[in-house]
Amino acid sequence: MQSLRYLYRIGRGPSSSHTMGPLAAAKRFLSESPAAEKYTAVLYGSLAKTGRGHMTDHILKEAFDGKNFNIVFDCDTPTDYHPNTVDFIAVSDGQEIFRRRYYSIGGGEVVAEGETTQEHENVYPLRSFTEISEYCRARDMRIWQYVEECEGPEIWDYLSEVWSVMQNAIKEGLEAEGILHGGIGTVRKARYLFRQKHIDESAETKMNRLICAYAYAVSEQNASGGLIVTAPTCGACGVVPAAMKFLQPKRNFTEEQIIHALATGGVIGNLIKTNASISGAECGCQAEIGTACAMAAAAAAELYELDLDQIECAAEMSIEHHLGLTCDPILGLVQIPCIERNAIAAMRALNAVNLADFLADSRKITFDMIVETMYETGKDLKVIYRETSEGGLAKKYSK
């Protein structure tokens, strides 16, 4: 598996696969291609169908700034390898001089046609939770210690930066007001949720209100193109920071404990990315929000120093109860239902930890099993429910 640096990516929203990925691909193409008179990007599959709402066209125009550049949205040509496919073409004297196809495979990562993720970037030798848990048990290690063993102590500086960006996204999101761009009039609600206290508010109501406020804050920052961290994607970036932000003051968890928790959650996300998918275009929202929920649950379980079985149980339940979740963004915007789903998943993650604390010793489903199930379920979903905005809420909604 790759370094957590490739899972927790710091960048601007609103979509890791539709903005971060295409931007990375464009930069690669420009570095590899000779100077040309004209450049064209042809978007296929989900990139074509939701590219405008996800600001793919905007980010590509920025990448080719000052050059003769045009974009083609091809919504009809099948995408055999991955639904997030883009061709870049360089032309001079009326002749094509260079062409390269890229796939945006989720979380901001891109691969060119004919290549896989770079082997030298794979720093984790074990590829299943079963293997990792057995390894940690044999050495009396926690998962975050396994991360340090594989990545080196310098990973903590990076995860400290990740946590700083997450906190700043919450802070800025809680202060912002107004309507998000895109044309459907989505009103920012994080500030309202954070400040709207009821006189007789119960502890449980306050807990849910604050978790939702934090999740909304990050997700609204993402939707507005603000600086966030993929966890594991832009569309699901509010879940992990919301859970961590809520839990930290409850028991005065230190910054070190938080970044250790992020490492544990990161391993969960990495396993899903490696053995299944974190791409909504490939496997529906279960791959994004479901993964984020599992990461947050595992991270929270680490904060409470639960054992390996309990961490696994919390992460497994989080995936299990998102199985079949469709990706159907209205108008292709990362707003409805995406923002609200981040809040719901953050609350569900903490509920999963509470259940796992009691039920881990009687569970029948392993984490590895549920990851495999999620991948198969995602592949079985009709394409209209995989980030194409052709089914579900996206189909029913009209302005």
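Scanning the range 43-61 for residues that are open to solvent by less than 20 Å² (accessible area, probe 1.4 Å), within 20 Å of R386 (Cα to Cα) and of a type outside the set (S, T, N, Q) turns up L43, G45, L47, A48, G51, G53, H54.
Among residues of the range 244-272 being at pLDDT 95 or above and assigned to a loop (DSSP other than H, G, I, E, B), the one that is farthest from M207 (Cα to Cα) is T254. Per the listing T377, T373, the residue uniquely in contact with a Gly (Cβ under 7 Å, 6 or more places away or on another chain), among the β-branched types (V, I, T), assigned to a helix (DSSP H, G or I) and farther than 30 Å from G182 by Cα is T377. Selection of the range 158-195 for residues being modelled with pLDDT of 95 or more, open to solvent by less than 50 Å² (accessible area, probe 1.4 Å), closer than 29 Å to L7 by Cα and part of a loop (DSSP other than H, G, I, E, B) yields A176, L180, T186, R188.
Within the range 1-25, residues that are in contact (Cβ under 8 Å) with a residue 24 or more places away in the chain and under 26 Å from Y124 (Cβ atoms) have Cβ atoms under 8 Å from residues that are acidic (D, E) and surrounded by fewer than 20 Cβ atoms within 10 Å (Cβ to Cβ) in these pairs: Q2/E121; S3/E121; S3/E151; L4/E151; Y6/E121; I10/E161, counting only partners at least 6 apart in sequence or on another chain. When the range 345-364 is limited to residues that are free of Cβ contacts under 8 Å to residues at least 60 places away in the same chain and within 27 Å of E387 (Cβ to Cβ), the one that is least open to solvent (accessible area, probe 1.4 Å) turns out to be A352. Residues in the range 294-322 that are among the aliphatic types (A, V, I, L, M) and under 16 Å from the mean Cα position of the chain (by Cα): A294, M295, A296, A297, A298, A299, A315, I319. If you go through the range 305-333 and keep only what is within 13 Å of F367 (Cα to Cα), in contact with a Cys (Cβ under 7 Å, 6 or more places away or on another chain) and polar (S, T, N, Q), you end up with just S318.
The values are calculated or read from the model by the stated rules, or taken from the named source; none is laboratory data. Worth saying up front: this structure is predicted, and the values here are computed from it rather than measured. Glycine also receives a Cβ, built like all others from the backbone with ideal geometry; neighbour counts cover every protein chain displayed. We work out accessible area using only protein heavy atoms, side chains counted, and drop any ligands, DNA or RNA first. Shrake-Rupley method; radii C 1.70, N 1.55, O 1.52, S 1.80 Å.
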